[in-house]
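In what follows, a structure is listed as structure tokens, so that the remarks can point back to it.
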Amino acid sequence: MATRNDVVSSTKARLRTILVLLLVGAALPAAGPAYAGGGASAAAAVGSAGLQSCSATAGKVLYDCVAGVLDRMSGTLNKWDPPEARSALQAAASQLRAASNKAQALSAISQCRSVFAGLIKQATAGHGSGLSAIVGVLTKAAQLIQSKG
């Protein structure tokens, strides 16, 4: 059963995530072809905030938490972001949910990072920074799994 401190910490983490989403949404101009890649930047912000809330868990619970973060990141991408980005995040989330050990979880993150590394090489100037930010989130996820998984 969750203690009062656990509930308060969980609520604070959720509120921080909502605040980040609101701030990112307010800072973004109207999305359009000229603003391609903006969804990737927002997805990275969502991912960073989400991973912070996952850091209190370990093992299978951690893998499931990170999978949920990757799903939310995938949903944050916009229609101008590369479709492979969404697919890679969704595949990694699915693999994390199926992972039963640290090696499988790290493999899922590694495969996803590899897709994003390829996308960054192909990216135009508008996409590069957002995709790079997602790679940073994936790197944090791998470090979290390495230390707590």
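Assorted remarks:
- Filtering the stretch 79-105 to residues that are buried (at least 18 other Cβ atoms within 10 Å of the Cβ) and not small (G, A, S) leaves D81, P82, R86, L89, Q95, L96.
- Residue count, the stretch 62-75 (criterion: buried (at least 24 other Cβ atoms within 10 Å of the Cβ) and of a type in the set (S, T, Y)): 1
- Only residues that are of a type in the set (S, T, N, Q) and either closer than 10 Å to I145 by Cα or in contact with a Leu (Cβ under 8 Å, 6 or more places away or on another chain) (or both) were counted across the stretch 43-56, and they come to 1.
- Of the helices (runs of 4 or more DSSP H) lying entirely inside the stretch 59-149, those containing at least 2 residues that are more than 14 Å from the chain's Cα centre (by Cα) and free of Cβ contacts under 8 Å to residues at least 24 places away in the same chain span 83-98, 102-122, 125-148.
The numbers here are math on the coordinates, done by the rules we state, and not lab data. No experiment lies behind these values; they were computed from the predicted model shown. Virtual Cβ from ideal backbone geometry, glycine too; neighbours counted across all protein chains shown.
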